[in-house]
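Taking it in order: structure first as structure tokens, then the write-up.
The values are calculated or read from the model by the stated rules, or taken from the named source; none is laboratory data. Source: prediction; values computed, not measured. In this analysis, Cβ positions are derived from the backbone assuming ideal geometry, glycine residues included, and neighbour counts consider all displayed protein chains. The accessibility values were calculated without ligands, DNA or RNA, using every heavy atom of the protein model including side chains. Shrake-Rupley method; radii C 1.70, N 1.55, O 1.52, S 1.80 Å.
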Amino acid sequence: MKKTLRITITLGFLLVGISVFGQEFIFDIHNTSLDDYIKLEERLGSERKENISNNISFTGDAQPVVFIRKEKIIPNLRANYFFKKTDSTMSYIRYDWDESFYKNTGNLESQKPLSFQRALRKKSLQIEKEITKIYGKPETEGSLSDLSKVEMRKGVSKTNIWKPNDSLEIEMFTTISNFYEKRGMVTTAPTHRIRLYITNTKKEKKIEPKLSEQRLDNLKLISSNFIESLGNKNLTKSKTFLSTLIIENVTDKQLNTLIENWDFKKDTELIYSGIQVGLDGKVFTILDFKYKEDISEPAKELLKIIFDDKDKIARIQPIVLNRNLGK
């Protein structure tokens, strides 16, 4: 009995080794970390490249990690791994087999022999077969079957798209063209490219920030102490309530100007509190105060105090409401 168990465990490890260490790509982007992808590239002998491009992201992505993977005959693979700055969760992967990354392709020298074209097509079909085996048949447009068309203007091309669920999308675009033409300043150059995207399309649940009663009470107390320090013209103490960003730039003259534009000796009361999320995802809390003696509706003057997530004051602004606006 013990012997059988030992054999089973050994075979189990062997099968796992084959399935993990025999592959070139990991398509399960949700359950694979950036570290796993880096280890895969290192195991395959890929060269990590310094990323000199400046990728602009509006979704919180960091600059991608880039590897060059050696290939035979076809262009070397350039692997780009995009991930979130906050937790390194994978956003998407872009694999490029593209001659234009390595050579000047705007001339006749970028035309390729039939052996190259066949090798590029073979690679594309191999990847298509591998993905189809896992996720089923893709939506397909175009064909790579007739390589005699590569000398024509459009060459041959094929697009494959897999959408196995609502959180994963895989797209592969292949173009093989030997067509070259120069008309005046316009040059149509040969194109030999495979581009493969693996995208995490899972929608993140947005958690709306809330202002708890406990934190609100704390911010009201901080505001009261800050207002009192300004009322006493204690600039040194006043600065202790300010955020790092403000305290590095604020001057005594600016604080004195603030004192001149609001009577910090008068009693105030809170009339509004709320949360604001900046474009960079940072959360700020807004408190609006008015003079207690001001019973007009709306109040004639407001003092807006904005706190950062560390309960430090990021902005102070006295506001005078123009009652004649729109009349």
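Structural remarks
- So LYS220, is it open to solvent by 60 Å² or more (accessible area, probe 1.4 Å), within 30 Å of SER273 (Cβ to Cβ) and in contact with a Leu (Cβ under 9 Å, 6 or more places away or on another chain): yes
- Boolean, ILE222 is aliphatic (A, V, I, L, M), over 38 Å from the mean Cα position of the chain (by Cα) and not in a strand (DSSP E or B): no
- Given (1) open to solvent by less than 20 Å² (accessible area, probe 1.4 Å); (2) closer than 17 Å to ASN261 by Cβ, index of the condition ILE316 fails: (1)
- Scanning the stretch 110-169 for residues that are among the charged types (D, E, K, R), touching a residue at least 60 places away in the same chain (Cβ under 8 Å), over 27 Å from LYS182 (Cβ atoms) and open to solvent by less than 40 Å² (accessible area, probe 1.4 Å) gives a single hit, LYS123.
- Residues that are surrounded by fewer than 16 Cβ atoms within 10 Å (Cβ to Cβ) and in contact (Cβ under 8 Å) with a residue 40 or more places away in the chain were ranked within the stretch 72-88; the one that is farthest from PHE116 (Cα to Cα) is SER88.
- Hits in the stretch 296-313 - residues which are open to solvent by 40 Å² or more (accessible area, probe 1.4 Å), in a strand (DSSP E or B) and under 16 Å from SER224 (Cβ atoms): LYS304
- For the stretch 58-83, the set of residues classified as touching a strand residue (DSSP E or B) at 6+ places or on another chain (Cβ under 8 Å) and at pLDDT below 90 consists of THR59, GLY60, ASP61, ALA62, listed by residue number.
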